[in-house]
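Worksheet: one structure, shown below.
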Amino acid sequence: MKIFELSMGRIKHYVAAEDEVQAYKQGTDPDNFPDINYMPFEINEVSIPGYTITVTPNEPEKKSRQRKTE
């Protein structure tokens, strides 16, 4: 996955996506981005020269079962 910046004027959001198409789909989701979903926004891949940026999703937390003590 890569990091993309969704920007509209001074408003900036960052999303993790495989490509610009996925980043656009995330940016147009009104639940995630109610401030830019209906407006035209720019999509730019975040990069740092000389470095590779990778994104790894967090693993869901495992719920441990604890015994009740009486």
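Worth pointing out:
- Residues being among the acidic types (Asp, Glu) and either assigned to a strand (DSSP E or B) or at positive phi (or both) - total across segment 1-34: 1
- Selection of segment 9-42 for residues being of a type in the set (Phe, Trp, Tyr) and open to solvent by 80 Å² or more (accessible area, probe 1.4 Å) yields 14, 24, 38.
- Restricting attention to segment 43-56, the residues that are under 12 Å from the mean Cα position of the chain (by Cα) and open to solvent by 100 Å² or more (accessible area, probe 1.4 Å) add up to 1.
The values are calculated or read from the model by the stated rules, or taken from the named source; none is laboratory data. The structure presented is a predicted model; accordingly, all values stated were derived computationally and were not measured. Areas reflect the complete protein model, heavy atoms only, side chains present, ligands, DNA and RNA absent. Shrake-Rupley method; radii C 1.70, N 1.55, O 1.52, S 1.80 Å.
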